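Report on the structure given below.
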Amino acid sequence: MKKILILMIVAVMLTASAVGMTACANGDIYDDLAKEGYTVKVTFDAGEAVVNETQNVTIVEVFDANDVVTTQSGKTGIKLLAPDDERRGDAKFKVAMTDGENNYFSPGWYTSRSPRVDENGKPLDSYGVPVEVSGREQGYVYSGKWDFENDVVDPKTLENGEMTLYAAWIPFISYEIYVQNDKGEFELSTSVFKIDFSIPEWNERSGKLSMGDVPKVKGKTFSAAYADAELIREYTESIDGDALFYDFEKGIANVTTVKVYTTWLEGEWIKIFDAEQLIDELEDDLEDNVDDGLGNKITGNYILGADLDFTDVDWPEELLASEFAGQLKGEGYAINNVVLAVVGEADSFESLFASVSDEASVSDVTVGSAD
């Protein structure tokens, strides 16, 4: 089998060494290659994208029409190698695109494309917004998404032995993050350009939040995110932009902006997932307050993320002597089977703390006696 030839046609001649490349456009080199049996040309058209850090580059690969294979799916033809496939070695090329404001990503290569228009034939941009409204350039709609693992080129079906694959470019979505203020009103905090969007998640080991794509608000803790300002449609997991807002068969985006409405709790909160974690957090809180001269007080804010079972876990004596002046949101969970360690002896409990201050808040939690 003859070796694949890769030629680069550069729209603008950058150096004197580019003469051989531009000669390809004149057909001289292709004529010579055709005489040797390289009669199939596959062009990778990346549009206005940057190819290996150079703009306006078209990659052309030349094949012998007899170099065909039969795939496992039964297709017979010339098998193409993806542009970024590691098996290309030094011949591998990478494409990227940005317009200086919005980043773009490519879902793949397609056999055809056409200008994007509405039902009346009026031009639409890459988001599907009328060009006359957005002021952006007209976008494309693609078809015939190429599967480099299973698809092949059938030389018999090619006109003049030529075929072009087009890289689709889809702009990132603008996720607008709104924060609810003290009056219950939503204010725009920031915008991020992304494909998918990560909602903050609690770390079950540390009890702290991993913020994902939501910026932290000083003095507050993220509570929830919603798709609407009425707080009806909650995002319970990260937003899958791939599935919701893009059509990869057509290589297009269906929306420009996605609004994310976030609610917040006042103060810094920690989420508790097991008995040992609760004790560790309360003891650290108590120690910090003692060191700061605030006395035997617990002033932290805690949310339960699971039922806490204190079987084989004693409630420390120092917590029994403390005052709870913090906040505890049970979220419907329970604290069960608590056994107190009092002067080395285990006994049934009557309370978890020596006292609860007036500023403390405990809600939606059940405490069960030890068996």
### Query
Yes or no: Val10 of a type in the set (A, V, I, L, M, F, W, C), within 23 Å of Asn160 (Cα to Cα), modelled with pLDDT under 50 and open to solvent by less than 30 Å² (accessible area, probe 1.4 Å)?
yes
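If a residue must be among the β-branched types (Val, Ile, Thr), surrounded by 13 or more Cβ atoms within 10 Å (Cβ to Cβ) and at pLDDT below 60, how many such residues does the stretch 330-371 contain?
Looking only at that region, the number is 1.
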### Query
Going by the conditions given, is Gly300 crowded, with 19+ Cβ neighbours inside 10 Å and either touching a strand residue (DSSP E or B) at 6+ places or on another chain (Cβ under 8 Å) or touching a residue at least 24 places away in the same chain (Cβ under 8 Å) (or both)?
yes
### Task
Pull up the stretch 140-150, narrow it to residues that are under 26 Å from Arg116 (Cα atoms) and of a type outside the set (S, T, N, Q), then point me to the one that is most open to solvent (accessible area, probe 1.4 Å).
Tyr140
### Message
exposed (fewer than 14 other Cβ atoms within 10 Å of the Cβ), hydroxyl-bearing (Ser, Thr, Tyr) and under 30 Å from the mean Cα position of the chain (by Cα): which single residue out of Ser126, Ser134, Ser114 fits that description?
### Response
Ser114
## Note on the structure
If you go through Asn66, Asn120, the only one that is open to solvent by 40 Å² or more (accessible area, probe 1.4 Å), farther than 25 Å from Ile195 by Cα and touching a helix residue (DSSP H, G or I) at 6+ places or on another chain (Cβ under 9 Å) is Asn66
### Summary
Filter the stretch 238-281 for residues that are under 20 Å from Ser206 (Cβ atoms) and either under 18 Å from the mean Cα position of the chain (by Cα) or of a type in the set (Phe, Trp, Tyr) (or both); the one that is surrounded by the fewest Cβ atoms within 10 Å (Cβ to Cβ) is Ser238
### Task
Would you mind telling me which numbered condition in (1) open to solvent by 30 Å² or more (accessible area, probe 1.4 Å); (2) farther than 26 Å from Val60 by Cα Lys156 fails?
(2)
### Query
Quick one: what pairs do we get from the stretch 77-99, first residue closer than 14 Å to Phe44 by Cα and open to solvent by less than 40 Å² (accessible area, probe 1.4 Å), second in a loop (DSSP other than H, G, I, E, B) and polar (S, T, N, Q), C-beta under 9 Å, 6+ apart or different chains?
Phe93/Asn52; Val95/Asn52; Val95/Ser106
### Task
Kindly indicate whether any position in the stretch 86-95 is more than 25 Å from Thr54 (Cβ to Cβ), acidic (Asp, Glu) and modelled with pLDDT under 95.
no
### Task
Mind listing whichever residues of the stretch 197-234 are under 21 Å from Glu185 (Cβ atoms), loosely packed, with under 15 Cβ neighbours inside 10 Å and within 17 Å of the chain's Cα centre (by Cα)?
Pro215
### Message
Restricting to the stretch 27-69, name every residue that is in a strand (DSSP E or B), modelled with pLDDT of 75 or more, more than 28 Å from the chain's Cα centre (by Cα) and among the aliphatic types (A, V, I, L, M).
### Response
Val40, Val42, Ile59, Val60, Val62, Val69
### Query
Residues in the stretch 225-248: is at least one in a loop (DSSP other than H, G, I, E, B) and under 30 Å from Thr70 (Cβ atoms)?
yes
### Message
Quick check on my filter: what residues within the stretch 161-188 are among the polar types (S, T, N, Q) and within 19 Å of the chain's Cα centre (by Cα)?
### Response
Ser174
### Query
Among the candidates Glu318, Glu283, Glu276, which residue alone is farther than 15 Å from Phe353 by Cα and part of a helix (DSSP H, G or I)?
Glu276
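The values are calculated or read from the model by the stated rules, or taken from the named source; none is laboratory data. Bear in mind the structure is a predicted one, so any value in this text is a computation, not a measurement. As a convention, Cβ positions derive from the backbone with ideal geometry for all residues, glycine included, and neighbour counts pool all protein chains shown. Surface accessibility is based on the protein's heavy atoms, side chains included, excluding ligands, DNA and RNA. Shrake-Rupley method; radii C 1.70, N 1.55, O 1.52, S 1.80 Å.
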